[in-house]
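Next up is a structure, given as C-alpha cells.
The values are calculated or read from the model by the stated rules, or taken from the named source; none is laboratory data. No experiment lies behind these values; they were computed from the predicted model shown. Cβ placement follows ideal geometry from the backbone for every residue including glycine, while neighbour counts extend to all protein chains displayed. Accessible surface is based on the protein model in full, side chains and every heavy atom, while ligands, DNA and RNA are left aside. Shrake-Rupley method; radii C 1.70, N 1.55, O 1.52, S 1.80 Å.
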Amino acid sequence: MLGSTKVIIGLLVVFVSIFMLFYIFDSITKLGDNCKVPETRTEICDRLTGPTQVMVIILLIIAGFIIMVVTTGYILLTA
C-alpha cells in the first residue's frame, strides 16, 4: 500500500507539472498575440523579443523534462 501511494504522488506531480507547462506556454502565446496588436502592446513586449523569448521557452521545456526524470526516479527508487 505504501508503494502505491508513492506512485500516485509521483504521477500527480507529473500531471501537475505538465498542466503548468501548458498553462505557461499558453500565456506566452497569448502575450505574443497581444504584442502584435499596437493598441494592446505592453512594456514586456519590448523585453521578450528575439532570443530572450526562445531562451525562456527552451528553459521551461528543459525544466519540464527534469521534473519528469526526477519524479520517475523517485517512483522507481521508493516503490
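Given the conditions (1) under 11 Å from the mean Cα position of the chain (by Cα); (2) open to solvent by 100 Å² or more (accessible area, probe 1.4 Å); (3) over 28 Å from V7 (Cα atoms), report the number of the one that K30 does not fulfil.
Looking at each condition in turn, K30 falls short on (1).
Still on this structure: Given the conditions (1) at positive phi; (2) in contact with a Phe, Trp or Tyr (Cβ under 7 Å, 6 or more places away or on another chain); (3) not hydrophobic (A, V, I, L, M, F, W, C), and given that G50 satisfies all but one, which numbered condition is not satisfied?
Failed condition: (2).
Given the criterion surrounded by 11 or more Cβ atoms within 10 Å (Cβ to Cβ) and in contact (Cβ under 8 Å) with a residue 40 or more places away in the chain, identify the matching residue among T78, T49, T5.
Every option except T78 fails the conditions.
Residue-wise test of (1) charged (D, E, K, R); (2) modelled with pLDDT of 80 or more; (3) in contact with a His (Cβ under 8 Å, 6 or more places away or on another chain).
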| site | (1), (2), (3) |
| --- | --- |
| V7 | no, no, no |
| G10 | no, no, no |
| I18 | no, yes, no |
| F22 | no, yes, no |
| F25 | no, yes, no |
| T29 | no, yes, no |
| D33 | yes, yes, no |
| V37 | no, yes, no |
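Restricting to segment 33-46, count the residues that are open to solvent by 90 Å² or more (accessible area, probe 1.4 Å) and either among the small types (G, A, S) or touching a helix residue (DSSP H, G or I) at 6+ places or on another chain (Cβ under 7 Å) (or both).
Total satisfying the criteria: 1.
Which members of segment 12-27 meet the condition of being surrounded by 13 or more Cβ atoms within 10 Å (Cβ to Cβ) and free of Cβ contacts under 8 Å to residues at least 24 places away in the same chain?
M20
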